[in-house]
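Report on the structure given below.
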Amino acid sequence: MSNPDNISLTTSVSELDGVGERKARLLHRLGIDTVADLIKHLPYRWEFYAGHTPIAELPVDTIASVTGTV
């Protein structure tokens, strides 16, 4: 387990709990090698789930999260 007192912005992500060799390689492909890189990483896209739009009012080809009763 990583000691939070020993983690700095220059700490390698491979030293973080839950980040093994495989995940570290995947993060490296995204340009994420340190804690600072991880903090500054912006997602390529994200979904905004606030608010509700009736299905009938959704534009064609819109990505949306919907709820319903079956």
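The values are calculated or read from the model by the stated rules, or taken from the named source; none is laboratory data. Model, not experiment: these values are computed from the prediction. With ideal geometry, Cβ positions are generated from the backbone for all residues, glycine too; neighbour counts draw on all protein chains shown. Accessible surface areas use protein heavy atoms only, side chains included; no ligands, DNA or RNA. Shrake-Rupley method; radii C 1.70, N 1.55, O 1.52, S 1.80 Å.
Quick notes
- For the chain, the solvent-accessible area with a 1.4 angstrom probe is 92 square angstrom per residue.
- Normalised by the number of residues in the chain, the average gap of Cα pairs under 8 Å and 6 or more apart makes the relative contact order 24 percent.
- Each label was represented as a point 7 Å from its Cα along the Cα-to-Cβ direction; for E57 and A24 these points are 5.0 nm apart.
- Identified option (computed Rg and Dmax of the Cα atoms in Å; candidates [x] 18.2, 59; [y] 12.2, 37; [z] 18.9, 53): [z]
- Shown for the chain: the carbon plus sulfur share of the solvent-accessible area, taken with all protein chains present and a 1.4 angstrom probe, equals 57%.
- Loop sites in the chain: GluC sites (Glu not before Pro), DSSP, at most 12 other Cβ within 10 Å: E47
- Computed helical MRE - 222 nm, the chain, DSSP H runs ≥ 4 contributing -39500 (n - 2.57), nearest 500: -5500 deg cm²/dmol
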